[in-house]
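Just below is one structure, and these are the notes that go with it.
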Amino acid sequence: MPRQIILDCDPGLDDAVAIMLAEGNPEVELLAVTTVGGNQVLDKVTHNALAVGSLAGVTAPIAAGAGHPLLEPMQDAGHVHGDSGLGGVTPPPVRRDLDPRHAVDVILETVMSRDPGTVTLVPIGPLTNIALAVRREPRIVERVFEVVLMGGAVRGGNQSPVAEFNIACDPEAAQIVVTAGWPVTMVGLDLTHQAQATEDVFARIAEVGGPVADLTLGMLSFYRDAYRASGRLDHPPLHDPCAVAHVIDPGVMTTRRAPLQVELTGTLTRGMTVADLRFPADESCRTRIAETLDADRFWDLVLDALHRLAAKASA
Ligand code: BDR
Ligand code: CA
């Protein structure tokens, strides 16, 4: 039985690969793709979700959600993801419709209409939609199987010295989500920086061939240039697919139970995810942080999904 997920995203170069991993892996079933303003403004990330979804053959509803964080002013990441949000590539043609519902309605209707404990939420952008859903219908907290989010960092951020982008964009929403009481696994920068697309990864993607490989290589080349220009990493880390990979195969990474909170008031530390690692957490603790990635196993999952999508597209 595949794991049923809602992917809440802001494509975004690594989000696009996360969509392809989710659609291309038979162990997960995409119930919906929802979008949130983040890497680019809502209209752009929604267009990108439709475009990538069209190429990947996503048939699940795609719905647009919040364009702005709860309190923070909207800030995009065009310096990493480009003006379009998909780097320098021309997005694939959109061959499908946008679901007319608001993303929060899609999330609530999907979770509340399915058996309890069956739906996993995978947010890989700012957490605005998920927080709004919790506030609108708190019963989703008991019904969702778990939340596996990409965001946060225990040992150093990317948006500030201590805060990661998705959390820094909407710290209040993030605090609502991590303290809601449902099981949360935080796949943060500590883990995702181990998922770097090396030259070997580029070569393996090129072997896939066709439009799926062309899009992925185009996006990752732009992403690599952006990381190199900023002097951070030589090989770009594919953050968002790590969260999807954890759902597909929890053994792809180690995680550790730890109480988790989001700093909301610090002048220098707003948006920091604070994990209490002083003591082993007891079993009542429902938050976990991801620690060590099996990078070979991760890239095998990504490559396998791209091959499946390429075969589907040429069938
Ligand atoms: C996160 O921020 C975004 O730019 C990426 O898509 C990812 O979700 C990494 O900090
Ligand atoms: Ca993202």
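The values are calculated or read from the model by the stated rules, or taken from the named source; none is laboratory data. Being a predicted model, the structure only gives us computed values, none of them experimental. Using ideal geometry, Cβ is built from the backbone for each residue, glycine included, and neighbour counts are taken over all protein chains shown.
A few remarks follow.
- Residue in the stretch 192-202 that is at pLDDT 95 or above and touching an Asp or Glu at 6+ places or on another chain (Cβ under 6 Å) present: no
- Residue pairs whose Cβ atoms lie under 9 Å apart, separated by 6 or more positions or on different chains, with the first residue in the stretch 21-42 and within 16 Å of Val106 (Cα to Cα) and the second of a type in the set (Ser, Thr, Tyr) and outside any helix (DSSP H, G or I), are Leu30/Thr59.
- Residue identified as out of contact with any Pro (no Cβ under 6 Å at 6 or more places or on another chain) and within 16 Å of ligand 2 (Cβ to nearest atom) among Ala245, Ala195: Ala245
- Residue pairs meeting the criteria (Cβ under 8 Å; at least 6 apart or on separate chains; first in contact (Cβ under 8 Å) with a residue 60 or more places away in the chain, in the stretch 283-300; second aromatic (Phe, Trp, Tyr)): Arg286/Trp182
- Just so you know, in the stretch 1-60 the residues that are surrounded by fewer than 24 Cβ atoms within 10 Å (Cβ to Cβ) and either among the hydroxyl-bearing types (Ser, Thr, Tyr) or under 11 Å from the mean Cα position of the chain (by Cα) (or both) include one that is farthest from ligand 2 (Cβ to nearest atom), and it is Thr59.
Residue by residue, here is whether (1) of a type in the set (A, V, I, L, M); (2) at pLDDT 95 or above; (3) under 15 Å from Thr179 (Cα atoms) holds:
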{"residue": "Gly117", "(1), (2), (3)": "no, yes, no"}
{"residue": "Ile124", "(1), (2), (3)": "yes, yes, no"}
{"residue": "Arg136", "(1), (2), (3)": "no, yes, no"}
{"residue": "Arg139", "(1), (2), (3)": "no, yes, yes"}
{"residue": "Glu142", "(1), (2), (3)": "no, yes, yes"}
{"residue": "Glu146", "(1), (2), (3)": "no, yes, yes"}
{"residue": "Leu149", "(1), (2), (3)": "yes, yes, yes"}
{"residue": "Ala153", "(1), (2), (3)": "yes, yes, no"}
{"residue": "Gly157", "(1), (2), (3)": "no, yes, no"}
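- Within the stretch 110-162, tally of residues that are closer than 27 Å to Thr267 by Cβ and free of Cβ contacts under 8 Å to residues at least 40 places away in the same chain: 2
- Of all the numbered requirements in (1) assigned to a helix (DSSP H, G or I); (2) farther than 24 Å from Ile248 by Cα; (3) within 11 Å of ligand 1 (Cβ to nearest atom), Leu132 misses one, and that requirement is (3).
- Taking the listed residues Ala290, Ala226, Ala295, the one that is at pLDDT below 95 and either within 18 Å of the chain's Cα centre (by Cα) or buried (at least 17 other Cβ atoms within 10 Å of the Cβ) (or both) is Ala226, with no other qualifying.
- 2 or more residues within 16 Å of ligand 2 (Cβ to nearest atom): qualifying helices (runs of 4 or more DSSP H) within the stretch 138-190: 165-169, 171-178
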